[in-house]
There are 2 protein chains.
Amino acid sequence: MSTPSWFTEAHQASGSSIGFRVEKLLHAEKTPFQTIEIYQTTDWGNLMVIDGCVMLTSRDNFLYHEMMTHPALFTHARAKRVVIIGGGDCGTLREVLKHEEVEKATQVEIDERVTRLAEQYFPELCESNADTRAELKFADGIKYMAEAEAESIDLVIVDSTDPVGPAEGLFNAAFYTSCYKALRHGGILVQQSESPLVHLELIKAMRAAMRTAGFSAVKTLPFPQPCYPTGWWSCTMARKGGELSGFRERGAAAKSFATRYYNAEVHKGALALPEFLREALGE
Amino acid sequence: MSTPSWFTEAHQASGSSIGFRVEKLLHAEKTPFQTIEIYQTTDWGNLMVIDGCVMLTSRDNFLYHEMMTHPALFTHARAKRVVIIGGGDCGTLREVLKHEEVEKATQVEIDERVTRLAEQYFPELCESNADTRAELKFADGIKYMAEAEAESIDLVIVDSTDPVGPAEGLFNAAFYTSCYKALRHGGILVQQSESPLVHLELIKAMRAAMRTAGFSAVKTLPFPQPCYPTGWWSCTMARKGGELSGFRERGAAAKSFATRYYNAEVHKGALALPEFLREALGE
């Protein structure tokens, strides 16, 4: 066995870094879209890195995947039709399909290689890919949403990389307008919205662009995520008609499936914004 | 100006690391207890490192200091007498003294140099050191608690380094028994209890030792803390008589002082344990 070394992501924008001790590089390739590396770590299972940025580890991805899905699904009255933009590791798809009310979930990932490598190195995240309700498309999510039939979708989940490179067009009013049109009344858009501590300006800009696109309510939910910069992350929900202050609390408390982070109490807790966020976001 | 480089703490126990981009080393010294370094960072203000472990940065210490103090103080009916074990940077003392009901707060730090360096490099944390209710002692906290008068204290806050080196004796039943004896009925012990994700065994051992010492209720509250391993941290509260399930919610909602993280809703949220913690801790 080789001597362990470290993979470290230096996050220049915040002047902080996060690293993992790795046993070896399992795979590296340059796709038409990006460079993907898979490492075997000593304590975090496998690690996927895209263009030098940590995407996920086996050990802590449950935090992100559960918070990108269950709060939105337990806020919507009955989300039958779900679209995931990005999400190529299939972890978000797996969580969505835990909900019996979901009749069809389409994952629109631009880079098929992300999914193929997830199948190989994160098979537990791909265990619902063969579900008859799942549809895996490898296409441009911006174009997909622009061409989606009006009022045909209940929930759009934007599970993308940071707003640079291929994901840049997923963080602006034009994209949100496509999502708004494609959502049914009461429909929800949820997007990963980076670190509450160091990406506050991005969160504010996202929320403003969502409102510009017509969304009537916007909420940002923080959660821990050790492998992302500052170890503290967030998702932002936007609703087409209606509010976002409550959720189906009894449904969440009586959920028919297992989770590791999410529960009804955690959901309520995530709706409670820390003082500095409340002030910054005007809530 | 020198070229920026990085200070990185490799946390061997979890195989993960956290780093900060630094402009320069401002100070380094070896005290009778430990080695202390102070760096000027590019984005996190000043950074204090003890024996290679990050203690605090100017930018994110509010998370830790507020969560080590306000939940306990808003749980206790009226904490007049507070003792802080460790806490040499004085940030915990500052938060405690925001509470008008506190009549005396004694900080018992073993290493006077920590406080002297905090006065110089983190002056904002030391702004309440001249408060007439504040008492700064430089002594062994284990001995202090062993000799404390029985039933004389309302709140003991253990704001220490990790359970190795000088802080090792702060994480066991003998110390908790001293705290139990020194606390009045209804009194609370609160201690930093490391990462919920990677220090679960330590948290379980702490909680068991607190119960062994006689405490009737124990609660662990998670919170984000970017500069500590995994970016996710916790405090554990133990009560001498009575429960820990509720707190003075109206008092917290109407608090007379400013905070940046803590508020009544955040407090409630911190009491909601994630699913895996609920299972692991038997709650």
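Taking neighbour Cβ counts within 10 Å as the exposure measure, how do A:Thr92, A:Thr212, B:Thr132, B:Thr236 sort from fewest upward?
With the fewest neighbours first, A:Thr92, A:Thr212, B:Thr132, B:Thr236 line up as B:Thr132, A:Thr212, B:Thr236, A:Thr92.
Need the list of lysines near A:Lys137 for cross-linking: C-alpha distance under 26 angstrom, and skip anything on the same chain fewer than eight residues off.
A:Lys30, A:Lys80, A:Lys98, A:Lys104, A:Lys181, A:Lys240
Tell me which trypsin sites (Lys or Arg not before Pro) from region A:218-283 have a DSSP coil assignment and no more than 16 other beta carbons within 10 Å of their own.
A:Arg260
Kirkwood hydrodynamic radius (Cα pairs, Å) of region A:148-261? Intermediate values should be presented prior to the final figure.
On the way: mean 1/r = 0.0669 Å⁻¹.
Computed over Cα pairs of region A:148-261, the Kirkwood hydrodynamic radius comes out at 14.9 Å.
Specify whether the C-alpha gyration tensor of region A:223-273 places it in the rounded, prolate or oblate class, a ≥ b ≥ c being the square roots of the eigenvalues: rounded for a/c under 1.5, otherwise prolate if a/b is larger than b/c and oblate if not.
Details: a/c = 2.29, a/b = 1.22, b/c = 1.88.
Oblate is the answer for region A:223-273, as a/c is 1.5 or above yet b/c matches or exceeds a/b.
Alpha carbons only, please: Rg and Dmax for the protein assembly as shown, in angstrom.
According to the Cα coordinates of the protein assembly as shown, Rg and Dmax are 24.1, 74 Å.
Taking the Cβ of A:His11 as the centre, find all other residues whose Cβ is under 15 Å away and add up their charges (Lys, Arg: +1; Asp, Glu: -1).
Net charge in that neighbourhood comes out at -4.
Only Cα pairs under 8 Å and at least 6 apart count here; give the relative contact order of chain B as a rounded whole percent.
16
Summing -39500 (n - 2.57) over the DSSP H runs of n ≥ 4 in chain A and dividing by its residue number, what mean residue ellipticity at 222 nm do you reach, to the nearest 500 deg cm²/dmol?
-7000 deg cm²/dmol
Highest GNM mean-square fluctuation, chain B, Cα pairs closer than 10 Å: which of B:Met67, B:Met55, B:Met210?
Ranking B:Met67, B:Met55, B:Met210 by mean-square fluctuation puts B:Met55 first.
Separation between the A:Lys80 and B:Ser245 pseudo-spin-labels, each 7 Å from Cα along Cα→Cβ, expressed in nm?
Rounded to a tenth, the inter-label distance reads 4.1 nm.
In nanometres, what is the gap between the two model label sites at B:Ser152 and A:Ala280, each 7 Å from Cα along Cα-to-Cβ?
About 4.4 nm separates the two model spin labels.
Mind checking region A:1-88 for trypsin sites (Lys or Arg not before Pro) that DSSP puts in a loop (not H, G, I, E or B) and that have at most 14 other Cβ atoms within 10 Å?
Details: sites: A:Arg21, A:Lys24, A:Lys30, A:Arg59, A:Arg78, A:Lys80, A:Arg81; in loops: A:Arg59, A:Arg78, A:Lys80.
For trypsin sites (Lys or Arg not before Pro) across region A:1-88 that sit outside H, G, I, E and B with at most 14 neighbouring Cβ atoms in 10 Å, the list reads A:Arg78.
For region A:5-57, place one equal point scatterer on every Cα, skip the solvent, and apply the Debye formula. What is log10 of I(q)/I(0) at q = 0.20 Å⁻¹?
Taking Cα atoms of region A:5-57 as identical point scatterers yields -0.67.
Once you charge only the Cβ atoms, +1 for Lys and Arg and -1 for Asp and Glu, what is the size of the charge dipole of region B:193-242 about its Cα centre, to the nearest 20 debye?
300
Would you kindly compute the Cα radius of gyration of region A:61-281 and its largest Cα-Cα separation (Dmax), both in Å?
Expressed in Å, the Cα Rg and Dmax of region A:61-281 come to 15.8, 45.
Provide the FRET efficiency to the nearest 0.05 for the A:Ala254-B:Arg260 pair, computing r from the beta carbons and using R0 = 51 Å. Walk me through the numbers on the way to the answer.
On the way: r = 36 Å, r/R0 = 0.71.
The pair A:Ala254/B:Arg260 has a calculated efficiency of 0.90.
FYI, it's all coordinate maths here, none of it is from the lab. Keep in mind it's a predicted model, so treat the numbers as computed, not measured. Methodologically, a virtual Cβ is constructed for each residue, glycine included, from the backbone with ideal geometry; neighbour enumeration extends over all protein chains shown.
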